[in-house]
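Enquirer: Following this message is one structure expressed as structure tokens.
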Amino acid sequence: MSYLIKPANYKPLLDMKQTELGIKQIKEFFQQNLSSELRLRRVTAPLFVLKGMGINDDLSGIERPVSFPIKDLGEQQAEVVHSLAKWKRVTLADYEIEPGYGIYTDMNAIRADEELGNLHSLYVDQWDWERVITPEQRTVEFLKSIVTRIYAAMRRTEYMICEMYPQIKSFLAHDIQFIHSEELLQMYPDKTAKERENLIAKRYGAVFIIGIGGKLSNGEPHDLRAPDYDDYSTIDPNTGLPGLNGDLVVWNDVLGRAFELSSMGIRVDKEALLRQLEETGKQDRLKLYFHKRLMEDTLPLSIGGGIGQSRLCMLYLKKAHIGEIQASIWPEDMRKECAAIGMPLI
């Protein structure tokens, strides 16, 4: 079911020409900074992969991938990617990337089951990145160090866009805060996960919520994750809490709510993969190409994630709807309603 958030007295700060130029500048500047911060080289990514290899990202496990038959391959089915979480890890192995280095790419996806609205579109564009790590780096502290560096690149990009358009004022918090999803639950036990995100994002401005995917003390996960890419079950010996992954969330003052910019984490090793597949009843995936390679030690240990391109542009350019940033398909009544309140969709 589609939704529409209508900010009171919303007025775009940039016209469509300024917006398009801003999008170009943000995308060029941020990816250069991300590449430098994490020592990533750019690679070319697929729009679709073969079905049945375990390479496509299953997201929360319920979204249907767009698929089509390939005539020259005997009608074998291909799937448009949801994201490249597992494909990147195979690519790290194929390119023989050393620890401390990695890859990034422009990922374009179609998510036909997405609930359409200000934050969600059928079309997804993000920088997908992945970096080789050592066994010693599979820790929450290392995860935090990478998040801090990504956030530094985000703040530099904000400075650039504020210099380019003086009508846009600096708004990102100076530092990003870290909190585990279980700690967040204990702070606000009577709130839903989304309500907890809103409260913590408004309090700190920018926060990384650790431990997304595993069940919390209330028997529910903070949010869903597929069991075969992020490690959400390994226990941190310093806190006793599970999870080597999380979401980077900031406060969006235009929409007046928490705004997720990135989902990322240290990826499963063999032990975490077996544990998480068993917990979710997905052991049959061990027969698939990706999972076999992981179990055979032919894939490197890695950390990686995705950073929403349209979302980042939406945030920096003070837009209220992702359709002001990217061209997509929207319900006609939503288009009319947005146009009527000064929120024209591309």
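The values are calculated or read from the model by the stated rules, or taken from the named source; none is laboratory data. Being a predicted model, the structure only gives us computed values, none of them experimental. Virtual Cβ from ideal backbone geometry, glycine too; neighbours counted across all protein chains shown. Quick note on the areas: whole protein, heavy atoms, side chains included, nothing else; ligands and nucleic acids left out. Shrake-Rupley method; radii C 1.70, N 1.55, O 1.52, S 1.80 Å.
Enquirer: Determine which single condition Ile329 fails, assuming it passes every other condition in (1) more than 30 Å from Ile266 (Cβ to Cβ); (2) assigned to a helix (DSSP H, G or I).
Expert: Ile329 satisfies every listed condition except (2).
Enquirer: Filter the range 224-242 for residues that are at pLDDT below 95 and buried (at least 18 other Cβ atoms within 10 Å of the Cβ) and give the result.
Expert: Arg225, Ala226, Pro227, Asp228, Tyr229
Enquirer: Filter the range 131-150 down to residues that are in contact with a Phe, Trp or Tyr (Cβ under 8 Å, 6 or more places away or on another chain) and crowded, with 19+ Cβ neighbours inside 10 Å and give me whichever is nearest to Thr239 (Cα to Cα).
Expert: Val147
Enquirer: Continuing with this model, one more query. Is there any pair linking a residue in the range 274-302 that is under 20 Å from Gly214 (Cβ atoms) and assigned to a loop (DSSP other than H, G, I, E, B) to one that is of a type in the set (Val, Ile, Thr) and open to solvent by less than 30 Å² (accessible area, probe 1.4 Å), with Cβ under 9 Å and at least six apart or on different chains, and which?
Expert: From residues that are under 20 Å from Gly214 (Cβ atoms) and assigned to a loop (DSSP other than H, G, I, E, B), the pairs are Leu301/Val132; Leu301/Ile133; Leu301/Ile266.
Enquirer: Report, by residue number, each residue of the range 71-96 that is open to solvent by 10 Å² or more (accessible area, probe 1.4 Å) and more than 20 Å from the chain's Cα centre (by Cα).
Expert: Selection gives Lys71, Asp72, Leu73, Gly74, Glu75, Gln76, Gln77, Ala93, Asp94, Tyr95, Glu96.
Enquirer: If you don't mind, another one. Report yes if some residue within the range 155-164 is surrounded by fewer than 17 Cβ atoms within 10 Å (Cβ to Cβ) and in contact with a strand residue (DSSP E or B) (Cβ under 6 Å, 6 or more places away or on another chain); otherwise report no.
Expert: Checked against the condition, which is being surrounded by fewer than 17 Cβ atoms within 10 Å (Cβ to Cβ) and in contact with a strand residue (DSSP E or B) (Cβ under 6 Å, 6 or more places away or on another chain), the range 155-164 yields no hits at all.
Enquirer: Just to be sure, is Ile210 in contact (Cβ under 8 Å) with a residue 60 or more places away in the chain, hydrophobic (A, V, I, L, M, F, W, C), buried (at least 21 other Cβ atoms within 10 Å of the Cβ) and within 17 Å of Trp87 (Cα to Cα)?
Expert: The answer is no for Ile210.
Enquirer: Need pairs with beta-carbon distance below 7 Å; first residue more than 20 Å from Asn9 (Cα to Cα) and within the range 328-342, second open to solvent by less than 70 Å² (accessible area, probe 1.4 Å) and hydrophobic (A, V, I, L, M, F, W, C); sequence gap 6+ or separate chains.
Expert: Final answer for the pair search is Ser328/Leu122; Ile329/Leu122; Trp330/Leu116; Trp330/Leu345; Pro331/Leu116.
Enquirer: Looking only at the range 97-112, filter to residues that are within 20 Å of Lys27 (Cβ to Cβ) and of a type in the set (Val, Ile, Thr); which one of those is most open to solvent (accessible area, probe 1.4 Å)? Full working, then the answer.
Expert: Step one: filter the range 97-112 for residues within 20 Å of Lys27 (Cβ to Cβ), giving 102-110.
So of that shortlist, the ones also of a type in the set (Val, Ile, Thr) come out as 103, 105, 110.
Details: Ile103: 2, Thr105: 2, Ile110: 72 Å².
Checking each candidate, the answer is Ile110.
Enquirer: Taking the range 40-59 as the search range and keeping residues that are under 30 Å from Ala152 (Cβ atoms) and loosely packed, with under 13 Cβ neighbours inside 10 Å, which one is modelled with the lowest pLDDT?
Expert: Only one residue fits best here, namely Thr44.
Enquirer: Does any residue of the range 273-285 turn out to be buried (at least 22 other Cβ atoms within 10 Å of the Cβ), within 18 Å of Asp236 (Cβ to Cβ) and touching a helix residue (DSSP H, G or I) at 6+ places or on another chain (Cβ under 9 Å)?
Expert: No: zero hits.
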